[in-house]
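These notes concern the structure reproduced below.
Throughout, read-outs are computed from the coordinates displayed, never taken from laboratory work. The model shown is predicted, which means the values in this text are computed figures rather than measured ones. When we count neighbours, we look across all protein chains shown, and the Cβ atoms used for this are built from the backbone with ideal geometry, even at glycine.
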Amino acid sequence: MAADAPAQAPGGKPGEANHGLRIFLIWLVLALAADLIIWFVWEPHLPPGAMSSSAANQQGDIGVMAAMAAPVMIFVLTYFGYALIVWRRREGDEEDGPPIHGNTRIQAAWITISSVLVLALFVFGTVELISANGAGAGEGASPIWKPSGSMLQVQVIAQQWKFTYRYPQFGGFETTDLVLPTGEWVEFHVTSLDVIHSFWAYQLGVKADANPGTDNVAYTKINHTGSITVRCAELCGLWHGAMFDYGQAMSLSGFESWARSTEVRLAAVTKMLPPYALTYDPTVIPQLNKAMIAAGITGANGLYYPPTDPVQP
């Protein structure tokens, strides 16, 4: 009788389970759970944090790419696990598996979905590289994007083995203290006096090469106060590993007070410095070094290695 006939799954044999629907439902639940965990639990704690616009952007980029990659990985693992459990060889089963001739719908869906994902990542990555928050990685002397309005200019001068910072809007004084205001755009001008270095302000998400004779520009907006770790990310000689220091992001009023007092305190030293420029000719380096010695800054260019160094020039 018709009522006693075994049920037939769509596209399958009588009594055969709809494996495709099962795999899809298992994948859907796991993928949704994974993306929710990634975005609401994992992403807010990703490095480099959200101290600046560029850092927050990098944190969001990693979160978006992880949320897009997780469903793909989970689908592969789901299918693999389902196949191991459901389609494994049973005891006493010596028959060959059914021949597979392809499935047009599955092939079309796979090509379509993978193409959409790849193209979406391409568009997303391109927009992020061009957009405002993507301008923190150093884009040469003529970046394709810059924020509008007034900005604090900070020149980063790399040298073996120190970073020093000049503030042209405050008389051009130079110091080893990196101090930045919150709520303001910062325009970094990164250069070197000797070899190739790399300025990496970790919590700001700013990483720009410091090349001699080159002005490398990076922008970022400070979101909140905190400590900033600065390291050289390019092998630059014997004491490369010791080329790091710490900066500070503070309130705008606190920064202005610090900048004004530092400008007055270093006025005599600033007079010894060459005029502010985006790059410095090697002939002015001795002049810079003498000024640094007068300011009590040690450890660069071979003229004043720290006394703790085992080998003096």
At a Förster radius of 35 Å, what calculated FRET efficiency corresponds to the Cβ-Cβ distance of Ala108 and Glu128, to the nearest 0.05? 0.70
Per DSSP H run of at least 4 residues, take -39500 (n - 2.57); add these up for the chain, divide by its residues and hand me the 222 nm value, nearest 500 deg cm²/dmol. -12000 deg cm²/dmol
So between Asp61 and Thr229, what do we pick up on full extension, going 0.36 nm a residue minus the alpha carbon distance? 58.3 nm
Considering the values (1) 18.3; (2) 26.1; (3) 20.0, which represents mean projected area of the Cα convex hull in nm² as calculated for the structure under consideration? (2)
In the chain, whole DSSP H helices that both stretch 15 Å or further along their axis by alpha carbon positions and average at least 1.0 on the Kyte-Doolittle scale are 19-37, 53-86, 104-130
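Given the peptides 212-220, 61-69, arrange them by the average over their residues of other C-beta atoms within 10 Å, most packed first. Mind showing how you got there, number by number?
Values: 212-220: 20.1, 61-69: 16.2.
Sorting 212-220, 61-69 by mean packing, highest first, produces 212-220, 61-69.
Mind ordering 99-108, 42-51 by average Cβ neighbours within 10 Å, highest first?
On the way: 99-108: 8.0, 42-51: 15.9.
Listed from highest to lowest mean packing, they are 42-51, 99-108.
Which of Leu36, Leu152, Leu273, Leu30 has the fewest other C-beta atoms within 10 Å, and how do the rest follow up to the most? Kindly include the intermediate steps, with their values, before the conclusion.
Details: Leu36 11, Leu152 19, Leu273 22, Leu30 16.
In increasing order of surrounding Cβ atoms, one gets Leu36, Leu30, Leu152, Leu273.
Over 21 Å between Cα atoms, which of Lys146/Lys207; Lys162/Lys221; Lys162/Lys290 qualify? It would help to have the intermediate numbers written out before the result.
Values: Lys146/Lys207 16 Å; Lys162/Lys221 24 Å; Lys162/Lys290 15 Å.
Where the Cα-Cα span goes over 21 Å, the pairs concerned are Lys162/Lys221.
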So for the range 152-294, what percent of the C-alpha to C-alpha distances run longer than 24 Å? 25 percent
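Can you tell me the relative contact order of the chain? Whole percent, Cα pairs under 8 Å, sequence separation 6 or more.
Numbers: 518 pairs, mean separation 48.5, N = 313.
For the chain, the relative contact order is 15 percent.
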